[in-house]
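For reference, the structure is listed below as structure tokens.
The values are calculated or read from the model by the stated rules, or taken from the named source; none is laboratory data. Keep in mind it's a predicted model, so treat the numbers as computed, not measured. Every residue, glycine as well, gets a Cβ built from its backbone with ideal geometry; the counts of neighbours run over all protein chains shown.
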Amino acid sequence: KAPVGLLSDGTVLRSKMENQVPKVPIWEKGNLTLEEAAVYSGIGINKLREMSDSKDCTFVLWNGTKRLLKRRRLDEHLDRLFSI
């Protein structure tokens with residue numbers, strides 16, 4: 001990373017943001033955790049968990065035991081529903 005500045009004693013100044021992971025807005029993420037999907041969709045975590053438990057669920061992605069919801073496919077699924 002490029003230094004932000006240099007002090008007279010030779011100390012290199014670096015940005016405070018250098019070691020931080022950039023935050024991506026939820027609506028730009030491809031995969032969401034249950035908590036993020038609940039905030040994004042307005043549907044409760046338990047209901048999302050119930051909806052994504054099915055083996056035929058097209059919007060769930062398993063990373064080991066971690067459940068991620070595919071945002072675009074979740075949107076498409078919700079567009080087809082009349083009620084939850």
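Report yes if Ile84 is surrounded by 12 or more Cβ atoms within 10 Å (Cβ to Cβ) and either polar (S, T, N, Q) or touching a residue at least 40 places away in the same chain (Cβ under 8 Å) (or both), otherwise no.
When the stated conditions are applied, Ile84 does not pass them.
Suppose we keep only residues that are hydrophobic (A, V, I, L, M, F, W, C) and part of a loop (DSSP other than H, G, I, E, B) within the range 26-70. Which one would you say is nearest to Ser83 (Cα to Cα)?
Ile43
Spot the failing condition for Leu74; the list is (1) at pLDDT 95 or above; (2) assigned to a loop (DSSP other than H, G, I, E, B), and only one is missed.
(2)
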